[in-house]
1. Filter the stretch 179-196 for residues that are without any contact (Cβ under 8 Å) to a residue 60 or more places away in the chain, among the charged types (D, E, K, R) and open to solvent by 40 Å² or more (accessible area, probe 1.4 Å) and give the result.
2. Would you pick out the residues in the stretch 159-184 that are touching a helix residue (DSSP H, G or I) at 6+ places or on another chain (Cβ under 9 Å), within 16 Å of the ligand (Cβ to nearest atom) and either of a type outside the set (S, T, N, Q) or outside any loop (DSSP other than H, G, I, E, B) (or both)?
3. Report yes if some residue within the stretch 431-442 is more than 16 Å from the ligand (Cβ to nearest atom) and touching a Pro at 6+ places or on another chain (Cβ under 8 Å); otherwise report no.
4. Can we say L203 is in contact (Cβ under 8 Å) with a residue 40 or more places away in the chain, over 21 Å from the mean Cα position of the chain (by Cα) and farther than 30 Å from M339 by Cβ?
5. Considering (1) within 13 Å of the ligand (Cβ to nearest atom); (2) open to solvent by less than 20 Å² (accessible area, probe 1.4 Å); (3) in a helix (DSSP H, G or I), say which one V341 fails and leave the rest.
6. Any idea which of (1) within 21 Å of A41 (Cβ to Cβ); (2) open to solvent by 10 Å² or more (accessible area, probe 1.4 Å); (3) not aliphatic (A, V, I, L, M) is the one R124 doesn't satisfy?
7. Given the structure, is S311 open to solvent by less than 10 Å² (accessible area, probe 1.4 Å) and assigned by TED's automatic domain parsing to the domain that holds N435?
8. Being of a type in the set (D, E, K, R) and either within 16 Å of the ligand (Cβ to nearest atom) or under 20 Å from D52 (Cα atoms) (or both) is the filter here, so list the residues in the stretch 114-157 that pass it.
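The values are calculated or read from the model by the stated rules, or taken from the named source; none is laboratory data. Note that this is a predicted model, so its numbers are computed, not measured. Backbone-built Cβ (ideal geometry, glycine too); neighbour counts: all protein chains shown. Surface accessibility is based on the protein's heavy atoms, side chains included, excluding ligands, DNA and RNA. Shrake-Rupley method; radii C 1.70, N 1.55, O 1.52, S 1.80 Å.
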Amino acid sequence: MPSETKQDVYAVLRDRIATREAIVGVVGLGYVGLPLAVEHARAGFSVVGLDDNSAKVDKVRSGQNYIPDVDDRMLQDLVREGRLTATSDYRDLTAADVIIICVPTPLTDNKEPDLSYIIQVANRIRTIMRPGQLIVLESTTYPGTTEEVLEPILETSGLTLGTDFFLAFSPERVDPGREDFKTQNTPKLIGGVTARCQEVATLLYRQSIAAVIPVSSPKIAEMSKVFENTYRAVNIALVNELALLCDRMGINVWEVLDAAATKPFGIQIFHPGPGVGGHCIPLDPFYLSWKAKEYDFSTRFIELAGEINLSMPYVVVDRVARALNDQGVALKGARILVMGVAYKEDINDERESPALKVFELLEARGAQVVYYDPYVPQVKPHSFFAREIHSVALTDDLVQSQDCVVITTGHKVIDYDRLVDLAPLVVDTRNATRNVREGREKIHLL
Ligand code: SAJ
């Protein structure tokens, strides 16, 4: 970049974005970063993807896709045409006009925000920054992170925010596996720290995203994102509590929800389940409740929702014990097949999956547990397990030899008529057997 006056630096950045000459860097090539990198490359930018995981870098360099939401051929074409490259070297981002951060924001074991990935990336970026760059944070985090955590680190580069470099927050809204809304057609919020930050960030995303909505600050965008997922966690907890009450009252909660769904306005129906998994809903609300404590504020809905959702695996195990008991079978020593360990139907991701908690709790109660999931052939050791477990083959003999089959994920590819026909007992936590006619006496719904 030729030496520019302060004024020129901003104008040059804005023009390079407008003409799509800008080089866009994307840090973090996961389920958010890689689709985003592809969209910017499709829009005509030269894109440099960066990831510390050299296997991901090698795959992108060879045009080998590993994210289901990305089109294999599209990735190959963009890499072959040199419009998308990948690296693990942050020095390759000095030339970038834009750097978008898409790294995880997990929770610590004490359910506190873990910003270590963001901080690590920020400390690497500040060493390679130059005048005229736009930095955008997309990782879900609590309101205030961009200006209270990211901005001070980047300013240790000696560059001045709003004059030398520009900073914004734009929450990712990627729902893995979704067909109707993908990166390109999901509305995008943009919260710039200053007016110039807002202008260049909005200009950037308007080159590749259909609907871009500027908001007045990063905090608005940060809060909107955590609210979006808190809304889900609280409403899922509400229907889980309803399921507990309906069970107590002998009312079919699934029929209640189908009935409520007939109201054409003023309600969005959620469904009970074995708990809440994934990388968003179980985590994001606790980013907000943690920050709220700084303001002497107790987010009681979030805490209550967390309690109820976290209790559901235990509810499922008790339901299995009760169903077995009705058959005169003890849970201890019972043979149990867990159907589905992905955190939601029709995907291959088992992160934070409540099904794994159900598996662990059943084993702890002395049951002999196996799982089948067509999308998850194996589960590596992690917080729920000290060992690797593998999906069994779903044979007639296997199902018939069980004392109970627990449906924890309602994958659509499963033949539930066959499953219910073969199984002596079914506990269905997803109402996946809703269309099964024969053998309904064997089915115990959550
Ligand atoms: N779940 C229920 N009952 C429901 C809905 C979900 O028990 O009625 C459970 C699921 O089984 C899963 C967990 O909650 O274990 C999370 O499910 P989810 O449908 O919220 O799926 P996620 O975690 O993939 O959420 C993503 C989020 N996307 C982003 O954060 C960008 C969320 O904002 C989306 O609204 C959601 O997808 C979606 O709508 O599918």
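1. Here is the first cut: in the stretch 179-196, the residues without any contact (Cβ under 8 Å) to a residue 60 or more places away in the chain are 179-181, 185-195.
Next, only the ones that are among the charged types (D, E, K, R) stay: 179-180, 188.
Matches in the stretch 179-196: E179, D180.
2. Result: F169, P171, E172, R173, V174, K182, T183, Q184.
3. Yes, the stretch 431-442 contains at least one residue that is more than 16 Å from the ligand (Cβ to nearest atom) and touching a Pro at 6+ places or on another chain (Cβ under 8 Å).
4. yes
5. (3)
6. Status for R124: all satisfied but (1).
7. Taking the combined requirement at face value, the residue does not satisfy it.
8. D114, R124, R126, E138
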